[in-house]
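The structure under discussion appears below in the form of C-alpha coordinates.
The values are calculated or read from the model by the stated rules, or taken from the named source; none is laboratory data. Computed from a prediction, not measured in an experiment: that's the story for all the values here. FYI the Cβ positions are ideal-geometry reconstructions off the backbone, even for glycines, and counts take in every protein chain you see. Calculation scope for accessible area: heavy atoms of the full protein, side chains included, ligands and nucleic acids excluded. Shrake-Rupley method; radii C 1.70, N 1.55, O 1.52, S 1.80 Å.
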Amino acid sequence: MRVVTSIAGVRGAVDDARAKGLKVGFVPTMGYLHDGHLALVAASRQRAPFTVMSIFVNPTQFGPKEDYANYPRDEAGDEAKARSAGVDLLFRPTRDTMYGASTHITVSAGPLADLWEGAIRPGHFTGVLTIVAKLFNIVTPDVAVFGQKDFQQATLIRAMVDALDFRVELVIHPTQRESDGLAMSSRNSYLSADERIRARCLSRALKQVHSMFASGETGTPALERAGRQVFAGRKDVAVDYLAVVHPDDLSPAPEARAGCAVMVAARVGKTRLLDNTILGEREEWMSSVPAAP
Ligand code: AMP
(Lines give C-alpha, C1' and ligand atoms only; values in the text may rest on other atoms or scores of the structure.)
Protein backbone atom coordinates (compact mmCIF):
# COMPACT_ATOMS: atom_id res chain seq x y z
CA MET A 1 0.00 0.00 0.00
CA ARG A 2 1.31 3.44 -0.94
CA VAL A 3 0.50 6.42 1.26
CA VAL A 4 0.34 9.83 -0.43
CA THR A 5 -0.59 13.26 0.83
CA SER A 6 -0.60 15.28 -2.40
CA ILE A 7 -3.14 15.51 -5.21
CA ALA A 8 -0.35 14.96 -7.75
CA GLY A 9 0.62 11.79 -5.87
CA VAL A 10 -2.90 10.39 -6.22
CA ARG A 11 -3.13 11.33 -9.89
CA GLY A 12 0.22 9.71 -10.69
CA ALA A 13 -0.67 6.45 -8.93
CA VAL A 14 -4.13 6.31 -10.50
CA ASP A 15 -2.65 6.99 -13.96
CA ASP A 16 -0.18 4.13 -13.41
CA ALA A 17 -2.99 1.76 -12.39
CA ARG A 18 -5.04 2.74 -15.44
CA ALA A 19 -2.02 2.28 -17.71
CA LYS A 20 -1.95 -1.32 -16.46
CA GLY A 21 -5.61 -1.64 -17.41
CA LEU A 22 -6.85 -1.70 -13.80
CA LYS A 23 -10.27 -0.43 -12.81
CA VAL A 24 -10.16 2.03 -9.90
CA GLY A 25 -12.36 1.71 -6.80
CA PHE A 26 -12.66 4.40 -4.13
CA VAL A 27 -13.67 4.46 -0.47
CA PRO A 28 -13.76 7.95 1.08
CA THR A 29 -13.62 8.07 4.89
CA MET A 30 -12.87 10.31 7.83
CA GLY A 31 -10.67 7.61 9.39
CA TYR A 32 -10.70 6.01 12.83
CA LEU A 33 -11.41 2.91 10.79
CA HIS A 34 -13.70 0.12 11.91
CA ASP A 35 -15.06 -3.01 10.24
CA GLY A 36 -17.80 -0.96 8.53
CA HIS A 37 -15.14 0.97 6.59
CA LEU A 38 -13.23 -2.24 5.86
CA ALA A 39 -16.37 -3.89 4.47
CA LEU A 40 -16.53 -1.03 1.96
CA VAL A 41 -12.95 -1.79 0.96
CA ALA A 42 -13.86 -5.44 0.39
CA ALA A 43 -16.85 -4.35 -1.73
CA SER A 44 -14.58 -2.07 -3.76
CA ARG A 45 -12.00 -4.83 -4.28
CA GLN A 46 -14.70 -7.17 -5.59
CA ARG A 47 -15.40 -4.66 -8.35
CA ALA A 48 -12.05 -3.03 -9.03
CA PRO A 49 -8.52 -4.42 -8.61
CA PHE A 50 -7.04 -1.03 -7.57
CA THR A 51 -8.63 0.48 -4.46
CA VAL A 52 -8.01 4.00 -3.22
CA MET A 53 -9.06 5.03 0.29
CA SER A 54 -9.04 8.63 1.47
CA ILE A 55 -8.84 9.64 5.10
CA PHE A 56 -9.74 13.27 5.68
CA VAL A 57 -11.70 14.77 8.55
CA ASN A 58 -13.51 17.34 6.45
CA PRO A 59 -13.89 20.61 8.38
CA THR A 60 -16.59 22.05 6.12
CA GLN A 61 -19.14 19.40 7.09
CA PHE A 62 -18.91 20.20 10.80
CA GLY A 63 -20.93 23.00 12.38
CA PRO A 64 -19.18 25.53 14.66
CA LYS A 65 -20.41 23.75 17.81
CA GLU A 66 -19.71 20.23 16.53
CA ASP A 67 -16.90 17.78 17.21
CA TYR A 68 -14.37 18.63 14.45
CA ALA A 69 -11.47 19.24 16.85
CA ASN A 70 -12.29 16.19 18.96
CA TYR A 71 -13.20 13.81 16.15
CA PRO A 72 -11.25 10.60 16.88
CA ARG A 73 -8.02 10.18 14.92
CA ASP A 74 -5.56 7.27 14.79
CA GLU A 75 -3.07 7.63 11.98
CA ALA A 76 -0.94 4.55 12.69
CA GLY A 77 -3.88 2.26 13.48
CA ASP A 78 -5.75 3.38 10.36
CA GLU A 79 -2.75 2.77 8.17
CA ALA A 80 -2.33 -0.77 9.50
CA LYS A 81 -6.04 -1.55 9.04
CA ALA A 82 -6.16 -0.11 5.54
CA ARG A 83 -3.05 -2.07 4.56
CA SER A 84 -4.37 -5.38 5.87
CA ALA A 85 -7.76 -4.79 4.22
CA GLY A 86 -5.99 -4.58 0.85
CA VAL A 87 -6.12 -0.84 0.11
CA ASP A 88 -3.65 -0.08 -2.70
CA LEU A 89 -3.39 3.67 -2.28
CA LEU A 90 -4.12 5.66 0.88
CA PHE A 91 -4.71 9.38 0.35
CA ARG A 92 -4.23 11.44 3.50
CA PRO A 93 -4.41 15.08 2.49
CA THR A 94 -4.00 18.00 4.87
CA ARG A 95 -6.65 20.66 5.26
CA ASP A 96 -4.50 23.01 3.20
CA THR A 97 -4.21 20.53 0.35
CA MET A 98 -7.98 20.20 0.13
CA TYR A 99 -8.99 23.79 0.81
CA GLY A 100 -5.87 25.86 0.18
CA ALA A 101 -7.34 27.65 -2.80
CA SER A 102 -10.82 28.41 -1.51
CA THR A 103 -13.80 27.27 0.46
CA HIS A 104 -16.06 29.74 -1.37
CA ILE A 105 -17.02 27.55 -4.30
CA THR A 106 -19.30 24.74 -3.14
CA VAL A 107 -21.78 22.20 -4.42
CA SER A 108 -25.29 23.37 -3.65
CA ALA A 109 -27.03 20.40 -2.07
CA GLY A 110 -30.64 21.40 -2.86
CA PRO A 111 -33.83 20.85 -0.88
CA LEU A 112 -33.08 17.23 0.08
CA ALA A 113 -30.31 18.62 2.26
CA ASP A 114 -32.77 20.64 4.36
CA LEU A 115 -34.49 17.52 5.71
CA TRP A 116 -33.60 15.32 8.72
CA GLU A 117 -29.82 15.55 9.32
CA GLY A 118 -29.69 18.73 7.25
CA ALA A 119 -32.35 20.41 9.38
CA ILE A 120 -30.31 19.72 12.50
CA ARG A 121 -26.89 20.35 10.91
CA PRO A 122 -27.30 23.33 8.54
CA GLY A 123 -24.64 23.32 5.83
CA HIS A 124 -23.54 19.78 6.63
CA PHE A 125 -24.46 18.29 3.25
CA THR A 126 -22.96 21.21 1.31
CA GLY A 127 -19.70 20.29 3.04
CA VAL A 128 -20.18 16.58 2.32
CA LEU A 129 -21.05 16.99 -1.36
CA THR A 130 -18.28 19.52 -1.94
CA ILE A 131 -15.59 17.27 -0.49
CA VAL A 132 -16.94 14.19 -2.30
CA ALA A 133 -17.00 16.10 -5.62
CA LYS A 134 -13.42 17.27 -5.04
CA LEU A 135 -12.28 13.76 -4.15
CA PHE A 136 -14.04 12.34 -7.23
CA ASN A 137 -12.19 14.86 -9.40
CA ILE A 138 -8.86 13.94 -7.79
CA VAL A 139 -9.26 10.15 -7.76
CA THR A 140 -11.49 9.78 -10.88
CA PRO A 141 -12.76 6.40 -9.65
CA ASP A 142 -14.70 3.95 -11.82
CA VAL A 143 -16.53 2.73 -8.71
CA ALA A 144 -17.09 4.49 -5.37
CA VAL A 145 -18.44 2.71 -2.29
CA PHE A 146 -20.47 4.39 0.46
CA GLY A 147 -22.27 2.98 3.49
CA GLN A 148 -26.03 2.66 3.86
CA LYS A 149 -25.44 3.67 7.48
CA ASP A 150 -25.49 7.31 6.35
CA PHE A 151 -28.64 6.93 4.32
CA GLN A 152 -29.35 10.59 3.60
CA GLN A 153 -25.71 11.14 2.64
CA ALA A 154 -25.82 8.19 0.22
CA THR A 155 -29.08 9.49 -1.27
CA LEU A 156 -27.60 12.96 -1.77
CA ILE A 157 -24.39 11.63 -3.31
CA ARG A 158 -26.47 9.60 -5.75
CA ALA A 159 -28.46 12.73 -6.59
CA MET A 160 -25.25 14.74 -7.09
CA VAL A 161 -23.72 12.09 -9.36
CA ASP A 162 -26.91 12.12 -11.48
CA ALA A 163 -27.27 15.90 -11.52
CA LEU A 164 -23.62 16.72 -12.26
CA ASP A 165 -22.93 13.74 -14.56
CA PHE A 166 -20.05 12.26 -12.62
CA ARG A 167 -18.74 9.23 -14.47
CA VAL A 168 -18.70 6.85 -11.53
CA GLU A 169 -20.64 3.78 -10.50
CA LEU A 170 -21.95 4.11 -6.94
CA VAL A 171 -22.25 1.16 -4.62
CA ILE A 172 -24.18 1.53 -1.36
CA HIS A 173 -23.03 -1.16 1.04
CA PRO A 174 -25.14 -2.53 3.93
CA THR A 175 -24.49 -1.31 7.47
CA GLN A 176 -22.01 -3.36 9.51
CA ARG A 177 -23.04 -3.87 13.12
CA GLU A 178 -21.72 -4.93 16.49
CA SER A 179 -23.09 -8.24 17.79
CA ASP A 180 -25.84 -6.48 19.78
CA GLY A 181 -27.09 -4.63 16.69
CA LEU A 182 -25.42 -1.23 17.21
CA ALA A 183 -24.32 0.19 13.87
CA MET A 184 -20.54 0.56 13.79
CA SER A 185 -19.41 4.17 13.85
CA SER A 186 -16.22 6.06 14.68
CA ARG A 187 -18.36 8.12 17.07
CA ASN A 188 -19.21 5.02 19.15
CA SER A 189 -15.79 5.59 20.75
CA TYR A 190 -17.31 8.61 22.56
CA LEU A 191 -19.79 6.38 24.45
CA SER A 192 -19.23 5.44 28.09
CA ALA A 193 -19.90 1.81 29.03
CA ASP A 194 -23.34 2.80 30.28
CA GLU A 195 -24.16 4.86 27.18
CA ARG A 196 -22.95 2.03 24.99
CA ILE A 197 -25.74 -0.14 26.43
CA ARG A 198 -28.35 2.59 26.00
CA ALA A 199 -27.22 3.04 22.39
CA ARG A 200 -28.88 -0.28 21.62
CA CYS A 201 -32.19 1.61 21.50
CA LEU A 202 -31.60 2.74 17.94
CA SER A 203 -31.27 -0.67 16.31
CA ARG A 204 -33.99 -2.08 18.54
CA ALA A 205 -36.40 0.65 17.55
CA LEU A 206 -35.67 -0.13 13.90
CA LYS A 207 -36.23 -3.80 14.52
CA GLN A 208 -39.53 -3.00 16.21
CA VAL A 209 -40.77 -0.95 13.24
CA HIS A 210 -39.44 -3.49 10.74
CA SER A 211 -41.21 -6.41 12.38
CA MET A 212 -44.50 -4.51 12.86
CA PHE A 213 -44.45 -3.72 9.15
CA ALA A 214 -43.67 -7.39 8.39
CA SER A 215 -46.74 -8.39 10.41
CA GLY A 216 -48.97 -6.14 8.33
CA GLU A 217 -48.98 -2.67 9.94
CA THR A 218 -48.59 0.00 7.26
CA GLY A 219 -49.85 3.09 9.13
CA THR A 220 -46.85 5.36 9.52
CA PRO A 221 -48.07 7.04 12.74
CA ALA A 222 -48.46 3.64 14.44
CA LEU A 223 -45.06 2.45 13.19
CA GLU A 224 -43.28 5.62 14.28
CA ARG A 225 -45.02 5.58 17.66
CA ALA A 226 -43.90 1.99 18.26
CA GLY A 227 -40.33 2.89 17.31
CA ARG A 228 -40.25 5.91 19.63
CA GLN A 229 -41.73 3.79 22.42
CA VAL A 230 -38.45 1.85 22.56
CA PHE A 231 -36.74 5.05 23.75
CA ALA A 232 -39.40 5.92 26.32
CA GLY A 233 -38.05 6.42 29.83
CA ARG A 234 -34.41 5.91 28.78
CA LYS A 235 -32.23 8.19 30.80
CA ASP A 236 -30.15 10.59 28.75
CA VAL A 237 -31.36 9.35 25.36
CA ALA A 238 -33.16 11.85 23.12
CA VAL A 239 -34.62 11.06 19.71
CA ASP A 240 -34.02 13.80 17.12
CA TYR A 241 -36.17 12.05 14.53
CA LEU A 242 -37.58 8.62 13.75
CA ALA A 243 -39.35 8.64 10.42
CA VAL A 244 -40.66 6.38 7.69
CA VAL A 245 -39.64 8.01 4.41
CA HIS A 246 -39.76 7.46 0.67
CA PRO A 247 -36.35 6.10 -0.33
CA ASP A 248 -35.66 8.48 -3.24
CA ASP A 249 -36.61 11.92 -1.96
CA LEU A 250 -36.71 11.16 1.79
CA SER A 251 -40.12 12.78 2.09
CA PRO A 252 -42.32 11.43 4.91
CA ALA A 253 -44.35 8.42 3.75
CA PRO A 254 -47.92 8.67 5.10
CA GLU A 255 -48.41 4.97 4.38
CA ALA A 256 -45.46 2.58 4.68
CA ARG A 257 -44.64 0.19 1.86
CA ALA A 258 -41.78 -2.20 1.11
CA GLY A 259 -38.71 -0.22 0.11
CA CYS A 260 -39.44 2.73 2.42
CA ALA A 261 -36.59 3.64 4.74
CA VAL A 262 -36.90 4.11 8.47
CA MET A 263 -34.34 6.69 9.60
CA VAL A 264 -33.49 7.34 13.20
CA ALA A 265 -31.15 9.83 14.88
CA ALA A 266 -30.74 10.05 18.62
CA ARG A 267 -28.44 11.60 21.16
CA VAL A 268 -27.06 9.25 23.77
CA GLY A 269 -25.47 11.56 26.32
CA LYS A 270 -23.58 14.02 24.10
CA THR A 271 -23.10 11.59 21.20
CA ARG A 272 -25.37 11.74 18.15
CA LEU A 273 -25.97 8.37 16.53
CA LEU A 274 -27.70 7.49 13.25
CA ASP A 275 -29.19 4.30 11.92
CA ASN A 276 -31.73 3.14 9.34
CA THR A 277 -33.41 0.11 7.84
CA ILE A 278 -35.35 -0.66 4.67
CA LEU A 279 -38.85 -2.04 5.19
CA GLY A 280 -39.64 -5.37 3.56
CA GLU A 281 -35.99 -6.38 3.20
CA ARG A 282 -34.70 -9.30 5.19
CA GLU A 283 -31.98 -8.08 7.49
CA GLU A 284 -29.93 -10.91 8.98
CA TRP A 285 -28.79 -9.00 12.10
CA MET A 286 -32.34 -8.53 13.37
CA SER A 287 -32.88 -12.21 14.15
CA SER A 288 -29.98 -12.27 16.62
CA VAL A 289 -30.96 -9.08 18.49
CA PRO A 290 -33.51 -9.23 21.34
CA ALA A 291 -36.62 -7.10 20.76
CA ALA A 292 -36.78 -5.35 24.13
CA PRO A 293 -33.99 -2.94 25.13
P1 AMP B 1 -17.07 8.15 7.86
O2 AMP B 1 -15.63 7.81 8.10
O3 AMP B 1 -17.92 8.07 9.07
O4 AMP B 1 -17.24 9.43 7.08
O5 AMP B 1 -17.62 7.01 6.90
C6 AMP B 1 -17.00 6.71 5.68
C7 AMP B 1 -17.87 5.77 4.90
O8 AMP B 1 -18.09 4.58 5.66
C9 AMP B 1 -19.27 6.35 4.60
O10 AMP B 1 -19.66 5.94 3.29
C11 AMP B 1 -20.13 5.70 5.66
O12 AMP B 1 -21.49 5.58 5.31
C13 AMP B 1 -19.47 4.33 5.75
N14 AMP B 1 -19.79 3.68 7.03
C15 AMP B 1 -19.69 4.20 8.27
N16 AMP B 1 -20.13 3.32 9.20
C17 AMP B 1 -20.51 2.21 8.52
C18 AMP B 1 -21.06 0.96 8.91
N19 AMP B 1 -21.31 0.65 10.18
N20 AMP B 1 -21.33 0.05 7.93
C21 AMP B 1 -21.10 0.35 6.62
N22 AMP B 1 -20.59 1.51 6.19
C23 AMP B 1 -20.30 2.44 7.13
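Points to keep in mind about this one:
- Extension gain for the segment Thr94 to Glu284, taken as residue separation times 0.36 nm less the Cα-Cα distance, is 64.5 nm to one decimal.
- Amide proton proximity set for Arg177, modelled H, under 5 Å, gap of 5+: Met184
- Given 14 as the ceiling on other Cβ atoms within 10 Å, longest exposed-site-free region of the chain for GluC sites (Glu not before Pro) in DSSP loops: 67-216
- Building the convex hull from the alpha-carbon atoms of the range 191-293 and averaging its projection over directions returns 6.2 nm².
- Restriction of the trypsin sites (Lys or Arg not before Pro) in the range 1-43 to DSSP coil positions whose beta-carbon has at most 13 other beta-carbons within 10 angstrom yields Lys20.
- Euclidean distance between Cα centres, the range 159-224 to the range 110-152, Å: 17
- Beta bridges assigned by DSSP with both partners in the chain are antiparallel in approximately 50 percent of cases.
- As a length-normalised measure over Cα pairs under 8 Å and 6 or more apart, the relative contact order of the range 41-176 settles at 27 percent.
- Calculated SAXS-style log₁₀ I(q)/I(0) at q = 0.10, 0.15 Å⁻¹ - the chain, Debye, Cα scatterers: -0.55, -1.22
- FRET efficiency, Ile7 to Ser108 (Cβ-Cβ, R0 30 Å, nearest 0.05): 0.80
- Between the helical axis of 220-229 and the longest alpha-carbon principal axis of the chain there is an angle of about 90 degrees.
- Segment Arg267-Ser189, extension gain: residue separation times 0.36 nm, minus the distance between their alpha carbons: 26.7 nm
- Sequence of Asp88, Asp248, Asp15, Asp275 from largest to smallest accessible area, 1.4 Å probe: Asp248, Asp15, Asp88, Asp275
- 3J(HN,Hα) from dihedral phi, the range 200-215, Karplus parametrisation 6.51/-1.76/1.60, rounded to Hz, x for glycine, proline: 4, 3, 4, 5, 6, 5, 5, 4, 4, 5, 4, 6, 5, 5, 4, 8
- Tilt relative to the chain, helix 124-139 - C-alpha long axis, 0 to 90 degrees, to 10: 30
- Diffusion constant of the range 74-129 at 20 °C, which comes from Stokes-Einstein with the Kirkwood Cα-pair radius and 1.002 mPa s, µm²/s: 152
- One way to sum up the overall shape of the range 34-189 is the equivalent ellipsoid from its Cα gyration tensor, whose semi-axes run 23, 19, 18 Å, largest first.
- Among the chymotrypsin sites (Phe, Trp or Tyr not before Pro) in the range 64-162, those placed in a DSSP loop whose Cβ has at most 16 other Cβ atoms within 10 Å are Tyr68.
- In the chain, Cα pairs under 8 Å separated by at least six residues give a relative contact order of 17 percent.
- Given +1 at the Cβ of Lys and Arg, -1 at the Cβ of Asp and Glu and no other charges, the dipole of the chain around its Cα centre is 420 debye to the nearest 20.
- With Rh defined as the Kirkwood radius, the inverse of the mean 1/r over Cα pairs, the Rg/Rh of the range 1-106 is 0.99.
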